[in-house]
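As structure tokens, the structure follows; a few thoughts come after it.
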Amino acid sequence: MSKHTLVATVEEGSATLNRVLSLFRQRSFAIESLSIGRTNEPGIMRLTMVVDGARSAVEQVTKQLYKVVEVRKVSDLSDDAASNVNWRWSKSAARQRRSAPK
């Protein structure tokens, strides 16, 4: 099992958070960290959750999240592809800093 950082954009509503958290509770997922904030788009919130679980289980929960009507998008930031992109970006930024005139 490994830690996964999931980010979901959801429509703002009184029952939205309860529905998302109930989905994790029903599947016996422990949320280690939860952060909720507004986005620049009115009526849309961003949920950031850190969960511990096998990749297949996290993928299944992600699919289930899309069944919650208010959920617009879910991303797993701990995917190898996302890490690879961040690594490439930081390497490119470091190169640019080294070659910048002083």
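The values are calculated or read from the model by the stated rules, or taken from the named source; none is laboratory data. Note that this is a predicted model, so its numbers are computed, not measured. Ideal geometry is used to build each Cβ from the backbone, glycine not excepted, and the neighbour counts take in all protein chains shown.
Among the residues of segment 1-10, those identified as under 17 Å from Ser78 (Cα atoms) and within 15 Å of the chain's Cα centre (by Cα) are Ser2, Lys3, His4, Thr5, Leu6, Val7, Ala8, Thr9. Screening the candidates Glu11, Glu70 for the property of being modelled with pLDDT of 90 or more and acidic (Asp, Glu) yields one hit, Glu11. Among the residues examined, Arg38 qualifies as touching a residue at least 12 places away in the same chain (Cβ under 8 Å) and basic (Lys, Arg).
Here Arg38 does not fit the description of being closer than 13 Å to Glu70 by Cα, basic (Lys, Arg) and in contact with a strand residue (DSSP E or B) (Cβ under 9 Å, 6 or more places away or on another chain).
Restricting segment 11-60 to residues that are among the hydroxyl-bearing types (Ser, Thr, Tyr) and outside any helix (DSSP H, G or I), the residue that is farthest from the chain's Cα centre (by Cα) is Ser14.
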